[in-house]
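Worksheet: one structure, shown below.
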Amino acid sequence: MESATISVIFVMGVAGCGKSTVMEHLHQKLSDELLSAPVASIEGDKLHPQANIDKMARGIPLTDDDRWPWLAEIRSDVAKQGLQLLREHSGASTARVLVTCSSLKRAYRAFLADESTYRSTIASLTSIATPSRVASVSVTFAFLNTPREVLEHRISSRPGHFMKAGMLESQMNTLEVPTSEEGVEGGYKVLNVDASQPLDAIVEQIAHGKT
């Protein structure tokens, strides 16, 4: 049985930086260019428990206690999606999972990149009858570095979204900008992406892992 890798890309940043749009176009690009590497996408905001959504809708910032269960759900879903792709594409040596997630703090990123936990989750989902081919899980955080005025405009232009304009200040204060040194120490890759570039350039940089 050929071993395989689950390659995870977290498209990260504060509200309004364009995570969902970038992930959508990145998914299309990778699907078109890497026909042998199946791709799945996870919209992190959709995994928030209702209590978190209600809290943000009232303009109340989330705390660490609110975020940890959400991050655990994302991490679990990444493992499930990656494993499912490899089961559906038995000849693939890599499964790519794209995720939108703010990933604001270094501690959150370390949590999301913990390979031992991915292995444990995958082991719990497999059996002797259906063994896992997963040999490794690689993680990249693509930080969409976006000018504040752009963020404010985008958030104010999203009627009905649970993330309100007043929440941006809280997220900006919480954000710990990822660095390449952090990635080396944490065992993951960090891409600092200038999100004021054209969308095609952003997607190209992430797709090819250019720092």
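Could you work out the relative contact order of the chain? I mean the mean sequence separation of Cα pairs under 8 Å and 6+ apart, divided by the number of residues, in percent. Each step should come with its number before you reach the end.
On the way: 339 pairs, mean separation 72.6, N = 211.
Here the relative contact order equals 34 percent.
Could you work out the local net charge near K210, counting Lys and Arg as +1, Asp and Glu as -1, over the other residues with Cβ closer than 12 Å to its Cβ? The partial results should precede the final answer.
On the way: positive: K189; negative: D194, E204.
Here the charged neighbours net out to -1.
Contour minus end-to-end for E152 and S36, with contour as 0.36 nm per residue of separation and end-to-end as the Cα-Cα distance?
Details: separation 116, 0.36 × 116 = 41.76 nm, distance 3.94 nm.
Full-extension gain reported as 37.8 nm.
Which of K189/K210; K19/K105; K46/K210; K29/K80; K19/K80 have a Cα-Cα distance over 18 Å? List each step's numbers first, then the result.
Values: K189/K210 10 Å; K19/K105 16 Å; K46/K210 28 Å; K29/K80 23 Å; K19/K80 21 Å.
Table pairs above 18 Å Cα-Cα are K46/K210; K29/K80; K19/K80.
Just need the Rg to Rh number for region 57-200, please, alpha carbons only, Kirkwood Rh. Walk me through the numbers on the way to the answer.
On the way: Rg = 17.5 Å, Rh = 17.3 Å.
Taking Rh as the inverse mean 1/r over Cα pairs, Rg/Rh reads 1.01.
Based on C-alpha coordinates, I'd like the Rg and Dmax of region 1-127, in Å.
In Å, with Rg to one decimal and Dmax whole: 15.3, 51.
Compute the acute angle (0 to 90°) between the alpha-carbon long axis of helix 19-33 and the principal axis of greatest extent of the alpha-carbon atoms of the chain; round to the nearest 10°.
30
Return the calculated 222 nm mean residue ellipticity for the chain, to the nearest 500 deg cm²/dmol, obtained by summing -39500 (n - 2.57) across DSSP H runs with n ≥ 4 and dividing by the residue count.
Working: 9 runs with 98 residues, N = 211.
Helices in the chain give a 222 nm mean residue ellipticity of -14000 deg cm²/dmol.
Enter the angle in degrees (range 0 to 90, nearest 10) between the Cα long axis of helix 115-124 and the first principal axis of the Cα atoms of the chain, meaning the one along which they spread out most.
Between the helix axis and the principal axis of the chain, the angle is about 60 degrees.
Only the coordinates and a few stated rules stand behind these numbers; no lab work does. Please read all numbers here as calculations on a predicted model, not as lab measurements. Neighbour counts are summed over all protein chains in view; Cβ atoms, including those assigned to glycine, are modelled from backbone coordinates with ideal geometry.
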